[in-house]
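Notes for the one structure printed next.
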Amino acid sequence: MTGVDTLAQRSIVHRTRGLGHGPITRLMSPSDLGELVKPFVFLDLFEADMGAMDMPIHPHSGIATITVFTKGDVRFDDPDAGQGTIAYGGVEWLRAGGGVWHGTELSGGSSPRAQGFQLWVALPPELEDSPSVSQYLEASAMPRAGPAHVIVGDYHGAASPVRAPHGLNYLLVTLKPGETWTYAPPRGHSVAWLAVAQGEVAAGQRLAAGDMAVFDRSEASIRLTALGDTDAIFVLGSAVPHPHELHLGYYSVHTSAEELERGERRIAELGARLAAAGYRQMESGATPVFR
């Protein structure tokens, strides 16, 4: 069911171009905009040669990470999930739950460079201490609703196969020059934001590649038009608000201090086991997720 007001247009209340560091621009962290749009708490826009990108193996707990690509492709090679390619429209979903180490499970694909977003979602209490789960889904497995790939959630009858918590949508959208599309959020989705990877889009304000915008708290629609002579490619998230305080570790987000302590203790134990086991590398160059 769509929102209660499909005619009104939401207004933008915050916008940012984040902080850049090499090939990564941090658009949102749990200590800034993530507090406003939780359960969405962290967002990076990256563009790099994936084969040369130096991403260390690192831990998480209490969250899920969602990685989508807006340009280029990468390979996955996992003992539990098999092998394949993730390009535009595909996704890596990693529910860290009670603890996991990852960071090099994807390797360079056929393209010289890849661009995309990594998003963190704060998990609800019933999942923040759950076993870690990964999904690697190629674009052919992902449903579409108009110009949008439904990466997470359910929109206009298109339900994502990603095993995510209820109450949130995450869409990857391409609009052709001059094309207009209206997102009417499901009932209860008063949190909404978007971030532009390529091109320009009008959303009440003109947003260019590298911009992130947060919309006002309402259930009104979001009307978007691609500007200029090139496609506008962006991600859009909407959700029921996360009702819990964010308790932050360096790589972890939990709903209480007790859960944070439990998660950090678990990833420390996993880290010791990982160091003892060694970093097993697959034929593709990827290192399996350690859980």
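The values are calculated or read from the model by the stated rules, or taken from the named source; none is laboratory data. Bear in mind that the values here come from a model prediction, so they are computed numbers and not experimental data. With ideal geometry, Cβ positions are generated from the backbone for all residues, glycine too; neighbour counts draw on all protein chains shown. We work out accessible area using only protein heavy atoms, side chains counted, and drop any ligands, DNA or RNA first. Shrake-Rupley method; radii C 1.70, N 1.55, O 1.52, S 1.80 Å.
See the values below:
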| quantity | calculated |
| --- | --- |
| Surrounding net charge for P165, when Lys and Arg each add one and Asp and Glu each subtract one, Cβ distance under 11 Å | 0 |
| Largest to smallest accessible area among E179, E245, E92 [probe 1.4 Å] | E245, E179, E92 |
| Separation in nanometres of the label points that stand 7 Å from Cα toward Cβ, at V13 and E261 | 3.4 |
| Mean Cα-pair separation over length for the chain, i.e. relative contact order, pairs under 8 Å, 6 or more apart, % | 24 |
| For the chain, the spread of Cα positions along each principal axis, largest first, Å | 58, 43, 35 |
| Estimated distance in nm for a label pair at E126 and T182, the labels positioned 7 Å out from Cα along Cα-to-Cβ | 3.4 |
| Contour minus Cα-Cα distance for R217 and Q118 (0.36 nm per residue) | 33.3 nm |
| Unit charges on C-beta of K, R, D, E only; dipole of the chain, Debye | 340 |
| Unit charges at the beta carbon, dipole of region 114-256: most positive-side option, T255, S132, L175 | L175 |
| Accessible surface ranking that places the most exposed of W101, W120 first, with a 1.4 angstrom probe | W101, W120 |
| Spacing of the two label points (7 Å from each Cα toward its C-beta) at R163 and S140, in nm | 2.3 |
| Rounded to the nearest 20 debye, dipole of region 43-177 from Cβ charges on Lys, Arg, Asp, Glu | 500 |
| Y279 accessible area, assembled protein chains, probe 1.4 Å, Å² | 130 |
| Accessible surface of region 97-214 [probe 1.4 Å, protein heavy atoms]: carbon and sulfur percent | 53 |
| With Cα atoms, 0 to 90° folded angle of helix 257-277 axis to the chain main axis | 50 |
| Gain in span if fully extended, D231 to E35, counting 0.36 nm per residue against the direct Cα distance | 67.5 nm |
| Residues of region 170-291: accessible area per residue with a 1.4 Å probe, Å² | 43 |
